[in-house]
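Working notes for the structure below.
Only the coordinates and a few stated rules stand behind these numbers; no lab work does. Because the structure is predicted, anything quoted here is derived from the model rather than measured. Cβ: placed from backbone, ideal geometry, glycine included. Neighbour counts: every protein chain shown.
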Amino acid sequence: MLIHKWLRNLALGGLIAVPLTLSGCGLFSKEASEKIDAPPADVEMQMMNESNTLNVVKPTTTKPQIKNGLTVFLKDNSGMLAPITLDIQLKKGEDAAKRALEMMVEDNKDKKLLPVGFQAVLPKGTVVKSITRDAEKKLATVEFSQQFADYNVTEERKIVEAVTWAVTSDPNIQSVQLKLEGQPLHEMPVDGLPMDEPMTREMGINLEKSDNVTYMNSMPVTVYFSAVSPDNVQYYVPVTRLIEPSTDIAAASLKELIVGPLNSDALEPVMTPEMKVKQIEQTKDTITVDLTDSMFEPNQKTPAEMLQAVILTLTENTTVKKVQIKINGETNVVGDDNENYGKPVTRPSVVNGMKA
């Protein structure tokens with residue numbers, strides 16, 4: 001595609017929703033992921049954390065315990081997409097991806113099941129006509145009705161992100177191709193966001209960057225920050241950030257997790273800026289990370305919010321299945337949820353579980 005077309009799209013929606021696709025399979029081409037100037041630490045983040053205190057969200061409502069459910073991607077009150085696992089049990093033979101996308105349609109018949117403070121992102125009246133899968137390619141093809149093309153231009157990238165991330169919540173699916181009334185979509189119908197190839201999570205979600213980052217030379221990492229719903233339930237928000245390219249994506253992603261969110265009005269940090277990554281070791285399926293921070297004492301319970309954000313971030317950016325966390329060299333790392341994070345822990349199957 002022509003370079004000027006995607007550069008024009010950069011301005012759409014500001015920094016949080018930048019339509020930036022160099023190829024249909026993802027947000028960045030290999031040539032565009034070489035090197036950039038490292039973004040500076042956010043000034044607001046520094047001011048907020050001048051004291052050596054972990055500024056974690058303190059919700060007043062206990063998050064519901066959901067063992068399994070239906071994961072959808074919804075827009076919160078700040079306009080950011082978040083995975084929400086609803087306590088919905090599928091009928092026998094029901095297609096989970098199709099039901100999830102139907103729940104993501106504005107004003108759908110089950111809209112009362114969406115949690116307070118979250119909105120559907122697909123245009124009103126959209127029908128999910130079919131979903132077909134190619135198991136060998138790990139590809140899902142989703143066909144929508146004509147109403148899918150009826151949306152505000154500023155929502156275009158957010159719609160593609162929500163569909164892509166919702167369908168790829170299935171570990172057996174890695175890429176998504178869209179159709180409109182039987183015809184393949186090679187670009188989105190309103191502003192032409194390119195989709196020359198099937199979309200993957202490489203396109204990112206809730207994109208952000210600092211002012212001096214060069215789009216043409218960058219590397220994305222997706223980190224998980226925290227927010228609180230109007231019902232005072234804490235939830236995680238994935239944010240894709242452009243950073244200086246690195247051969248160690250695990251260390252790079254943790255560095256950005258420590259820097260904290262650039263959009264401090266919508267998101268809360270999960271780690272103190274004094275936190276350091278002392279060591280990262282990776283085996284075939286496990287990353288062991290040793291974090292250091294003087295505020296944490298031996299045998300003291302650690303905020304589970306921070307520990308879970310580390311696990312979500314590392315498993316999102318690497319191929320590992322498990323994460324083991326040490327703090328100040330100690331393996332006795334127990335969260336305030338009484339879970340032991342000092343042993344290898346798998347990525348949770350339920351993220352942001354909420355009662356429907």
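Counting pairs of Cα atoms in region 292-335, how many percent are more than 16 Å apart?
38
State the extension gain, in nm to one decimal, for the chain segment bounded by Asp134 and Val116, taking 0.36 nm per residue of separation less the distance between their alpha-carbons.
This chain segment gains 2.9 nm when fully extended.
What aspartates and glutamates could a cross-link reach from Lys111, if we take a straight Cα to Cα line under 15 Å and drop same-chain neighbours fewer than 8 places away?
Result set, ordered by chain and number: Asp76, Asp87, Glu102.
Gain in length, Lys109 to Thr331, computed as 0.36 nm per residue apart minus the alpha-carbon separation, to one decimal in nm?
Computed gain between Lys109 and Thr331 is 75.1 nm.
Could you pull out the pairs from Lys98/Lys321; Lys158/Lys284; Lys75/Lys322; Lys276/Lys326; Lys278/Lys322 whose alpha carbons sit more than 22 Å apart here?
Lys98/Lys321; Lys158/Lys284; Lys75/Lys322
So what are region 181-274's ellipsoid semi-axes, whole angstrom, largest first, if each one is the square root of 5 times an eigenvalue of the alpha-carbon gyration tensor?
That gives 28, 20, 12 Å for the three semi-axes.
Please compute the net charge surrounding Met188, taking Lys and Arg as +1 and Asp and Glu as -1 over other residues with Cβ under 9 Å from its Cβ.
Taking every Cβ under 9 Å from that of Met188, the sum is -2.
Using modelled backbone amide H atoms (1.01 Å from N, in-plane), which distant-in-sequence or interchain residues come within less than 5 Å of Phe144's amide H?
Sorted by chain and number, the residues that satisfy this are Lys129, Lys179, Leu180, Glu181, Gly182.
Step through the residues of region 215-222 one at a time and calculate ³J(HN,Hα) from phi using the Karplus curve (6.51 cos²θ - 1.76 cosθ + 1.60, θ = phi - 60°), rounding each to whole Hz and writing x for Gly and Pro.
Karplus-based 3J(HN,Hα) across region 215-222 equals 4, 5, 10, 7, 9, x, 10, 10 Hz.
Given axes a ≥ b ≥ c from the Cα gyration tensor, I'd like to know whether region 218-355 is rounded (a/c under 1.5), prolate (a/b larger than b/c) or oblate.
rounded
Which residues' amide hydrogens lie under 5 Å from the amide hydrogen of Asn68, considering only partners 5 or more residues apart or on another chain, with H built in the peptide plane?
Excluding prolines and chain starts, which carry no amide H, there are no hits.
Which residues among region 141-158 fall inside the zone where the amide N is under 13 Å from a point 7 Å beyond the Cα of Lys124, along Cα→Cβ?
150-152
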